[in-house]
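**Student:** Pasting a structure here, questions to come.
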Amino acid sequence: MRVLLDDKTRVSYRQMYLGTGGELKYVWEEAFEGQTNGILGAARLGQLTVSSGVHSGFVGVRVTLSDSAPPIDPSWEDVVEVSLTASSEHWGIVEGIVESGHGFEGAGGEYRVRMSVKGMDAGAAADVVSDDDPLVEHHLFEFWPAPWAADEIVRRGSDYAARRHQDVS
């Protein structure tokens, strides 16, 4: 397993985007089209649209790349999986709608992506997490090569994620 990013990132309006080349498109509804999960949208080629409990401020983010599916860590409250076609080796997280963020190197190809989240309800309750505040919400993105498969809700733990899942179904 290779760690591509381990930092905090800003979210705006409860969202951030992970892109793998090409132009990011900020159309929330399109991102979740045809999906069952409502916290990690993958309907746009090369782009993930991420929902957070925190409305404005910072969440912890870790991105890893493995050769095969890593085991699911039981300490994470919410876990979903989607498929993604990475169109470039230049990946990055765009912080909300401000178009700044973190760039990092991945690889083009077909991937399964697991997003595991801790603290979504705490993030929603806090609403705003400033740069000086302790992080209350954390997102782990695990990538591994895999053929396309439908999105899947692996674990439901937070009330916030349950509402988001219900919104898209």
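**Student:** For segment 81-89, in order, what is each residue's ³J(HN,Hα) by Karplus, 6.51 cos²θ - 1.76 cosθ + 1.60 with θ = phi - 60°, in whole Hz (x at glycine and Pro)?
**Tutor:** 10, 9, 9, 8, 9, 8, 8, 7, 8
**Student:** Give me the base-10 log of I(q)/I(0) for segment 98-169 at each q in 0.14, 0.15, 0.18 Å⁻¹, Debye formula, one uniform scatterer per Cα, rounded to two decimals.
**Tutor:** These q points yield log10 I(q)/I(0) values of -0.65, -0.74, -0.99.
**Student:** I've got another one for you. Rolling a 1.4 angstrom probe over the protein chains, ignoring ligands and nucleic acids, what is the accessible area of Arg163 in square angstrom, nearest 10?
**Tutor:** Probe radius 1.4 Å; accessible area of Arg163 about 120 Å².
**Student:** How much of the accessible area of segment 59-169, probe 1.4 Å, is carbon plus sulfur, in whole percent? Before the final figure, lay out each step's value.
**Tutor:** On the way: 2620 of 5180 Å².
The value for segment 59-169 is 51 percent carbon and sulfur by accessible area.
**Student:** Going from most exposed to least, what order do His139, His90 have by accessible area with a 1.4 Å probe? Present the calculation step by step, with values, prior to reporting the outcome.
**Tutor:** Working: His139 5, His90 100 Å².
Order by accessible area, largest first: His90, His139.
**Student:** In addition: Compute the Kirkwood hydrodynamic radius of the chain, taking the inverse of the mean of 1/r over all pairs of distinct Cα atoms, and give it in Å to one decimal. Can you show the working numbers first?
**Tutor:** Details: mean 1/r = 0.0644 Å⁻¹.
For the chain, inverting the mean 1/r across all distinct Cα pairs yields 15.5 Å.
**Student:** With θ taken as phi - 60° and the coefficients 6.51, -1.76 and 1.60, list the Karplus ³J(HN,Hα) couplings across segment 49-60 in order, rounded to whole Hz; mark glycine and proline as x.
**Tutor:** Computed from phi, the couplings for segment 49-60 are 10, 10, 9, 10, x, 4, 6, 9, x, 10, 10, x Hz.
**Student:** Rounded to the nearest whole Å², what accessible area per residue is found for segment 98-137 with the 1.4 Å probe? Write out the running numbers ahead of the final one.
**Tutor:** Working: 1850 Å² over 40 residues.
For segment 98-137, the per-residue accessible area is 46 Å².
**Student:** Which is farthest toward the positive dipole end of segment 7-157 among Ser51, Thr9, Trp144, measuring Cα position about the Cα centre, with Cβ charges +1 (Lys, Arg) and -1 (Asp, Glu)?
**Tutor:** Value: Trp144.
**Student:** Further, regarding this structure: Give the ranking of His138, His165, His102 by solvent-accessible surface, highest area first, calculated with a 1.4 Å probe. Don't jump to the answer; show the numbers that get you there.
**Tutor:** Numbers: His138 70, His165 5, His102 40 Å².
From most accessible down to least: His138, His102, His165.
**Student:** While we're looking at this one, here's another question. Given a 1.4 Å probe and heavy atoms of the protein chains only, how would you sort Tyr111, Tyr13, largest accessible area at the top?
**Tutor:** Working: Tyr111 15, Tyr13 140 Å².
Putting Tyr111, Tyr13 in descending order of accessible area: Tyr13, Tyr111.
The values are calculated or read from the model by the stated rules, or taken from the named source; none is laboratory data. Computed from a predicted model, the values in this text were never measured in an experiment. With ideal geometry, Cβ positions are generated from the backbone for all residues, glycine too; neighbour counts draw on all protein chains shown. Just the protein is used for accessible areas: all its heavy atoms, side chains included, with ligands, DNA and RNA removed. Shrake-Rupley method; radii C 1.70, N 1.55, O 1.52, S 1.80 Å.
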